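Engineer: Here it is, the structure, as structure tokens.
The values are calculated or read from the model by the stated rules, or taken from the named source; none is laboratory data. From a predicted model like this one, the values you see are computed outputs, not experimental measurements. Note: ideal-geometry Cβ built from the backbone for every residue, glycine included; neighbour counts use all protein chains shown.
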Amino acid sequence: MKPISRRAALTLGSLGVAGTAIGGAGLIWSGREGQGAAGGQAPDSAFGAVPGDTLRQPSELRSADGLLEVKLDAAPGRVTIGGRGATTLGYNGGLPGPTLRVRAGDRVAVRLHNGLAEATNLHVHGLHVSPAGNGDNPFVMVEPGDSFDYEYRLPADHPPGLYWYHPHHHGLVADQVFGGLYGAIIVDDPGPIPAARERVLVISDITLDESGNLTRSSLGERMRGREGELVLVNGQLKPNLGMRPGERERWRIVNVCVSRYLRLRLDGQDLRLLGLDSGRFEAPESVDEVLLAPGNRADLWVTAAEGDGVLRAVAYDRGSAGMGGMMGGDALGGTTGIIDLATVTVAGAGVAALPSFPAQRKPVDLRGAAVTARREFVFAMGMGGGMGGGMAFTINGREFDGGRVDTTVRGGSVEEWTLTNATQMDHPMHLHVWPMQIIERDGRSVDSVLWQDVVNVPARGVVRVRIDFTGFPGKTVYHCHILDHEDNGMMGVIDVRPADQPLA
Ligand code: C2O
Ligand code: CU
Ligand code: CU
């Protein structure tokens, strides 16, 4: 995942982009477009909101005096999507759940209540907090009807940025995230970043049947990684947002899709990327598009030019699961067409330009650091998975086993990991708690300081990263963030030992 320069985008722009990927149910749902505005002749106009509604912001819960205490109830609920009623999952009845807004140094106490019919738990994706005990511990299991009290203590130097939360109970992660369990976390900047307005854009996908119920995924979809027929922004189908000419907004975008890559464009408007994941650039980078693998975030300045715009996800080929004949042919391909996500209406009097980007803390650069250990992680697929005739998804030849430690690391060390993709499809590699600095892609060194917590490893590609395992000893996981692959076994356990203890 990387920002694409203007020059590169010109070449990419000439690639064929086929029609939309929206299938059966998607047509029914998106077919409501414009009907509301035309006077609501559709028989189900009583459903209320229609596509083209103003973009909403999720509700926001904000810390005060260093503490944020929240209750999150994971449960099924009734929502309106594209003017029709639907039954999805959600936190506190919202799709997405509430945005948690905190500051470095805060303590965050979350009481998670499980109102689902199956086990769940909670993960705070990207936060640099302890994975032990009732911290960001992916091994916690909360049974239906039970509650669990999580506590996260953000260090005083925690990087500002956009993070997110979602369930992490192995085997059910894809189903629960696809169903609607996700929400944003913002760690505020220490100083202001000038923008007329700040918006959170949580981009998800989902598939619903004609009655608005969640559909079950097929074996093929779980092998490839399911992509929903509807792509939503803050739970809305193709919402609209208004800007004035010359106005600059800050958009914080998170890709919470289970498997869909978002190659985002907003042609005609001025886009400057402030950073990706928790990695803040020293200066904003002018971009034509941004590619977000599942789990990635973008921090974007959007300055409105004259003329309206459409936020689009354009085609991205993430490869295929192969074995086409066996698994149902091209259903295993991972290429999607153009999807309109939101419209931007630019109108009204022009506004004066805002001050430029304030100086940022210089990012840590591990390229010159002394490396304590080097490891390789090979992402592969083979026959004989545990899911009844499917494929096995492995890292270094092994499927996930929560009772096994795959990687033992000494706290405080700097390691270099080589991520090797032995398959025909991309795998976005994610490590909890510790961000990764990308130093090399397919043998070419990266010439800027690039920190991400989800690093895309393209089909047959090799990516090299460095990680500083400072702070927070404990056990956690790394995995492919195509959550179907994670549920199918593409995950390993890492144990980071206290710096002063033998590795044993
Ligand atoms: Cu966003 Cu282990 O995941
Ligand atoms: Cu995570
Ligand atoms: Cu994968």
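So that you can scan it fast, the table gives a plain yes or no per residue for (1) crowded, with 16+ Cβ neighbours inside 10 Å; (2) of a type in the set (D, E, K, R); (3) under 23 Å from ASP205 (Cβ atoms); (4) at pLDDT 95 or above:
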{"position": "ALA46", "(1), (2), (3), (4)": "no, no, no, no"}
{"position": "ASP53", "(1), (2), (3), (4)": "yes, yes, yes, no"}
{"position": "GLU60", "(1), (2), (3), (4)": "no, yes, no, yes"}
{"position": "GLU69", "(1), (2), (3), (4)": "no, yes, no, yes"}
{"position": "HIS113", "(1), (2), (3), (4)": "yes, no, no, yes"}
{"position": "THR120", "(1), (2), (3), (4)": "yes, no, yes, yes"}
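Engineer: Just checking, how many residues over the range 57-89 are farther than 30 Å from GLU210 by Cα and touching a residue at least 12 places away in the same chain (Cβ under 8 Å)?
Structural biologist: Within the range 57-89, residues that are farther than 30 Å from GLU210 by Cα and touching a residue at least 12 places away in the same chain (Cβ under 8 Å) number 10.
Engineer: Among the residues of the range 151-160, write down those that are surrounded by 19 or more Cβ atoms within 10 Å (Cβ to Cβ), more than 14 Å from ligand 2 (Cβ to nearest atom) and either in contact (Cβ under 8 Å) with a residue 60 or more places away in the chain or farther than 18 Å from TRP451 by Cα (or both).
Structural biologist: Passing the criteria: LEU154, PRO159, PRO160.
Engineer: Does the range 409-420 contain at least one residue that is away from ligand 2 (no atom under 16 Å from the Cβ) and under 22 Å from CYS257 (Cα atoms)?
Structural biologist: There is no residue in the range 409-420 that is away from ligand 2 (no atom under 16 Å from the Cβ) and under 22 Å from CYS257 (Cα atoms).
Engineer: With the checklist (1) acidic (Asp, Glu); (2) within 16 Å of ligand 1 (Cβ to nearest atom); (3) assigned to a loop (DSSP other than H, G, I, E, B) in hand, flag the one item ASP500 doesn't pass.
Structural biologist: It fails just one condition, (2).
Engineer: Out of VAL290, VAL202, VAL254, VAL258, I need the residue that is in contact (Cβ under 8 Å) with a residue 12 or more places away in the chain, in contact with a helix residue (DSSP H, G or I) (Cβ under 9 Å, 6 or more places away or on another chain), not aromatic (Phe, Trp, Tyr) and not in a helix (DSSP H, G or I). Which one?
Structural biologist: VAL258
Engineer: Filter the range 451-490 down to the residues that are out of contact with any helix residue (DSSP H, G or I) (no Cβ under 8 Å at 6 or more places or on another chain) and of a type in the set (D, E, K, R), then identify the one that is surrounded by the fewest Cβ atoms within 10 Å (Cβ to Cβ).
Structural biologist: Result: ARG460.
Engineer: Does PHE379 satisfy being more than 21 Å from ASN296 (Cβ to Cβ), touching a helix residue (DSSP H, G or I) at 6+ places or on another chain (Cβ under 9 Å) and within 16 Å of ligand 1 (Cβ to nearest atom)?
Structural biologist: no
Engineer: Could you list, in sequence order, all residues of the range 449-497 that are of a type in the set (A, V, I, L, M, F, W, C), under 19 Å from ASN121 (Cβ atoms) and away from ligand 1 (no atom under 14 Å from the Cβ)?
Structural biologist: PHE472
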